[in-house]
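Where a number appears in this text, it was derived from the coordinates with a stated rule and is not lab data. These numbers come from a predicted model, not from an experiment. Cβ placement follows ideal geometry from the backbone for every residue including glycine, while neighbour counts extend to all protein chains displayed.
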Amino acid sequence: MNPLVCFGNVYDNEQVIEGFNNLPCDKLRMDYVKSPKQFLKAQEFFLNHKEYTHFVYLAPDLIINNSQFQALKQNVKDNKVYGPILNVNKLKYYDKIECCVNLPTLEFFSRQYRWIAAESRIYFLEHNIIELKVKYNALAFCFIKRKILENYKFTEIPYAVKQKPLWEAEQGYAVDLAFCHYCDFKEIDLIVNLNIKLKHANPSKNYVGIKKEKIEFLKWQE
């Protein structure tokens, strides 16, 4: 397996950047790029470099370490989309896991995220349920097999919808929800590892539109 990790940096958070820089793989760093452009640029780069087997996106506020990266890499196996878990946020939903067993709708006013409770995660682990199939997982550092992204373009929905995406309408849907709808439509399983839990960094200033965009490829040197 040869994954490419892509990082959409907007906060300049030192903990997040340090975790990203220390990952033992090739990386694509995109600084201050407005969404959803960072996903589209990263996918274009990934598809143009056939040596990579999996696409992995690191959100701008997630702290990852090498042991978590290696654990995910070793357990992907035949799963097409495989990732860790994390809290929804550090405030109101600190006790909820950012994934759902039911798929949230694209329609904003009827959309509900029925987050998995932290207590449920403990129950699953106590009963030796390590991997869980979900319908939504926010693309939290997921390993996505190449074949999927050869047939899918980030931001797109595989059927006609009236709802506008978030970058076109204030109350729209984001890239992660669009991707999860595609996986549901194509019957692609989203698997999360309940043992591997990432952390959110502390909130900080968003520099998109303030600092100049920069995209840099970082070749890993052993």
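A few comments on the model shown:
- As a proxy for reagent exposure, T155, T105 were ordered by neighbouring Cβ count within 10 angstrom, fewest first; the result is T105, T155.
- The structure-derived value of semi-axes √(5λ) of the Cα gyration tensor in Å appears in the list [x] 51, 16, 13; [y] 38, 24, 14; [z] 24, 22, 19 under the label [z].
- Rounded if a/c under 1.5, otherwise prolate or oblate - region 70-159, Cα gyration tensor axes: oblate
- Mean-position separation - Cα centroids, region 1-52 and region 194-212, in angstrom: 13
- Counting neighbouring beta carbons within 10 Å and listing from fewest to most, the residues S67, S204, S35 come out as S67, S204, S35.
- Hz values of 3J(HN,Hα) by residue in region 175-184 - Karplus curve (6.51, -1.76, 1.60), Gly and Pro given as x: 4, 5, 5, 4, 4, 5, 5, 4, 4, 5
- Scanning the chain for trypsin sites (Lys or Arg not before Pro) in DSSP loops with at most 15 neighbouring Cβ atoms within 10 Å leaves 115-152 as the longest stretch between them.
- Above-threshold pairs, the threshold being 27 Å between Cα atoms, out of K27/K153; K27/K92; K80/K211: K27/K92; K80/K211
- Within a Gaussian network of the chain (alpha carbon springs, distance under 10 Å), most fluctuating of F179, F143, F45: F45
- Listed by Cβ neighbour count within 10 Å, with the fewest neighbours leading, I129, I210, I116, I97 appear as I210, I129, I116, I97.
- Taking each DSSP H run with n ≥ 4 as -39500 (n - 2.57) and averaging over every residue of the chain yields -7000 deg cm²/dmol at 222 nm.
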